[in-house]
Amino acid sequence: MKENRTVIRLELIQLFRNKAFLGLILILLVLMTLATWNTDQYFQVKRAEVKTQLQLVEENDKRLAAEIDSLNGGLASYETSYTLPSSGVRLTYNNHRVTWLPFSSFSLIAIGQGDLYSNYKKIVLYFNSSYERDSEELVSPLEQLFGQLDLAFVWVYLLPLIILLTSFNVLSLERETGRLTLIASQPIRIWHWVLLKISIRFLTILVLIISFLFLLLLVFEVDVLGNLLVFVQLLVTLFMYTAFWFFLSFLINLAGFSSGKSLIILTSTWVIFVFLLPSVVNQLAKELNTIPSRLEIINHHQAMYNEMESSQDVEMERLYQRHPDWRSDDPVTSDLSNSTGWNIDYLAKQYIAQIKHRSVADNYENQVESRNAWVEVFRVTSPAMIIQSALTDMAGTSGRYYRSFLKQSQEYAHGYRHYVFKGLFTNHSFTANEIRQLPVFTFDYQRVPGTFKQDFLIMLAYLMVLLILCFVLSKKSQKIN
């Protein structure tokens, strides 16, 4: 016990006198600060965009409700039904809806898919793909190439390098400087001594990261206590990922390689886990789960629209059989010379074409889901992929969250379209109260189950394998070559 305390005390003294170690830690903390600031700035812009869109919807609804009140009070008149505020035409073209993916309290740790997808969608009824991504959401191609700097990037990609650089030669350096024989003469086993030195580095780096992370979260006003469970999960995730790389370093130290060889092996392992395996998994996912081009999907939709126009009367009858509550005897709805009848005809064509196109669109979505599911299964091959996925899940910015958001936006768009179209097709006069009570989108987090337990078990399995290998090699390390 006394020997352990001596080793710990001396190691801490040497560690904090080591300028290289302190420099690496300083770089890590600076990168964490820059990453947090960059993510905060990024999401401030996103929040402002969502707020602007929600305010626009609110203002347009208030204006429309006020116009309806003025119309009913005899204070205003309108020449055509297109401009009539109580007409469904106004709702269809002028008063769009907005769906949005709320930001979680810990979105600060990972931008995730946020640099590819917008956190809001405009639901515009005259455009059938209003819930899809539009080109304005994409940023500079150069920025897409390098991605955004966030805490997840620092921890998943850069933290392992710092760990390896501070621990790759714990044993080999002593052997190469001739001090190992002196250490072996002490009443402490070699593997135990290496484990102590590695553990001190592990705990030092981990404590510094967690302490600094807690400080950053407080500075950027993250409600840690209100989301204590997520914070604990984050700490456990960091602990296990950091432990994995330190266990790996411990294993290579016990193998008895030279410093140069140990560094090459460890950095090669870093390249394999962090870059090679994720690239292979993604490439195989593309090859084994091919997806038709978007151009094919668009062309099919246009073909369905052209086909529908050639048999419009039959298709309209099928539409009314599908939605009998849309059928109306009001002559205005079938008179193409007025704006209401013309818009009903135009929107019905779009809607019918979309129905005929749905099987192809659904097949496309199913193929995308199959590819994503394939990647989810094989991400277990790399701890980096597991942790990256875990961090973006905690942040609410993973691909699973955005895919669920798009799906929920589609469902809301379809429901809202049916609600407005029923009023439009029957020439219903919307009241001010109906405008004020239009359905509002709410994102359902329950539809995106967490993966923490699964990720924890997979990382635990990795640690157990390394622990067993370390135990086997510890027997060999007791002998000095």
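Derivation of every value follows stated rules applied to the coordinates shown; laboratory data play no part. What you see is a predicted model, and the numbers here were worked out from it, not measured in a lab. Cβ coordinates were reconstructed from backbone atoms using ideal geometry, including for glycine residues, and neighbour counts include every protein chain displayed.
Beyond 24 Å between alpha-carbons counts as too far, so tell me which of 356/407; 51/453; 286/356; 62/122 fall in that bin. Cα-Cα > 24 Å for 51/453; 286/356; rest within. Here the dipole of the chain is about 3160 debye; that uses its Cα centre as origin and unit charges on the Cβ of Lys and Arg (positive) and Asp and Glu (negative). Rounded, prolate or oblate: which one fits the range 263-316, using the alpha carbon gyration tensor with axes a ≥ b ≥ c (rounded when a/c is under 1.5, else prolate when a/b beats b/c, else oblate)? In terms of gyration-tensor shape, prolate. The Cα atoms of the range 228-343 define a convex hull whose projected area, averaged across directions, is 16.7 nm².
Note on the range 307-395: dipole from Cβ charges, positive end direction compared against 388, 341, 324; the farthest Cα belongs to 388.
Paramagnetic label reach from residue 14 (point 7 Å along Cα→Cβ; backbone nitrogen cut-off under 17 Å): within the range 259-276, residues 259-260.
Short-range pairs are left out: with C-alpha atoms under 8 Å and at least six residues apart, the relative contact order of the chain is 27 percent. Overall dimensions of the range 324-467, expressed as equivalent-ellipsoid semi-axes from the Cα gyration tensor (√(5λ), whole Å, largest first), are 48, 18, 9.
Full extension of the chain between residue 447 and residue 367 gives 26.8 nm of extra length, using 0.36 nm per residue less the Cα-Cα distance. Enter the angle in degrees (range 0 to 90, nearest 10) between the Cα long axis of helix 452-476 and the first principal axis of the Cα atoms of the chain, meaning the one along which they spread out most. Relative to the chain, helix 452-476 is tipped by roughly 20 degrees. Distance between the 7 Å Cα→Cβ label points at residue 212 and residue 431: 6.2 nm.
Length available on full extension from residue 22 to residue 332: 0.36 nm per residue minus the Cα-Cα distance, which gives 103.7 nm. Taking 0.36 nm per residue of separation and subtracting the Cα-Cα distance, full extension of the segment from residue 303 to residue 268 would add 7.4 nm.
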